[in-house]
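The values are calculated or read from the model by the stated rules, or taken from the named source; none is laboratory data. Keep in mind that this is a model prediction, so the values were computed, not measured. With ideal geometry, Cβ positions are generated from the backbone for all residues, glycine too; neighbour counts draw on all protein chains shown.
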């Protein structure tokens, strides 16, 4: 079975802190994604990576950056967390067929 | 960009009832995926269905690509079917990036 894991299920951070969300997949997938999910808005793509060290902005990249130094790991970075970044963050990976597999999600609260 | 609309937005059922979820999309697509998000937040891929009909137990899905819609059928619903159902299509032809609908919240009561 494909497995996508995320470093934390719940996270509470203070405004201004630097936050790292880690995602690891074990299926040698080329593509990895970070989404945020907010009530009434569905899933929105933050960043996408199609290869190591390669990244592409999604629909809402402002306030976020990403890092992909190894194929299996994709990190989302909030340089200076703000309260409007309180959300559910979901990581996914996919093969060339574009079938996406999701991690369990991280509920981030910024106070 | 491509638009994805799901209906109904919310549905409450009694256990054992059947339901149909609809997904409309605004442009031609070469794949469509249905996902179920359980109450704990985990999204599971249900179907990869660019066209035609597929069945998996009590669930089945049909995509009519020429008319730009897909349907997800849930028969004999169970409380474990509760959650949010999403459909998603590529953001543009051949893209691996998906555009998601806003989801449909299903509640199945015992």
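A few notes on this one:
- Just so you know, in region B:101-110 the residues that are within 12 Å of chain A (Cβ to nearest Cβ) and assigned to a strand (DSSP E or B) include one that is surrounded by the most Cβ atoms within 10 Å (Cβ to Cβ), and it is B:104.
- Members of region A:73-106 that are part of a loop (DSSP other than H, G, I, E, B), in contact (Cβ under 8 Å) with a residue 12 or more places away in the chain and over 15 Å from residue A:7 (Cα atoms): A:79, A:80, A:81, A:82, A:86, A:95, A:96, A:98
- Filtering region B:75-100 to residues that are closer than 13 Å to residue B:10 by Cα and either part of a loop (DSSP other than H, G, I, E, B) or free of Cβ contacts under 8 Å to residues at least 12 places away in the same chain (or both) leaves only B:82.
- Sole exception among (1) loosely packed, with under 14 Cβ neighbours inside 10 Å; (2) at the interface with chain B (Cβ under 10 Å from one of its Cβ atoms) for residue A:101, by number: (1)
- Filtered residue count, region A:32-72, keeping only those that are farther than 23 Å from residue B:101 by Cα and in contact (Cβ under 8 Å) with a residue 60 or more places away in the chain: 0
- Filter result for the condition that a residue is buried (at least 19 other Cβ atoms within 10 Å of the Cβ) and more than 14 Å from chain B (Cβ to nearest Cβ), over A:81, A:92: A:81
- Scan of region B:7-31 for residues that are away from chain A (no Cβ under 14 Å), within 19 Å of residue B:82 (Cβ to Cβ) and part of a loop (DSSP other than H, G, I, E, B), ordered by number: B:8, B:15, B:16, B:17, B:18
- Given (1) surrounded by fewer than 21 Cβ atoms within 10 Å (Cβ to Cβ); (2) at pLDDT below 95; (3) more than 8 Å from every other protein chain (Cβ to nearest Cβ), number of the condition residue B:89 does not satisfy: (1)
- Residue match in region A:57-71 (condition: within 10 Å of chain B (Cβ to nearest Cβ) and either within 22 Å of residue B:42 (Cβ to Cβ) or buried (at least 20 other Cβ atoms within 10 Å of the Cβ) (or both)): yes
- Test: residue in region A:36-50 that is part of a loop (DSSP other than H, G, I, E, B) and either touching a strand residue (DSSP E or B) at 6+ places or on another chain (Cβ under 7 Å) or away from every other protein chain (no Cβ under 14 Å) (or both): no
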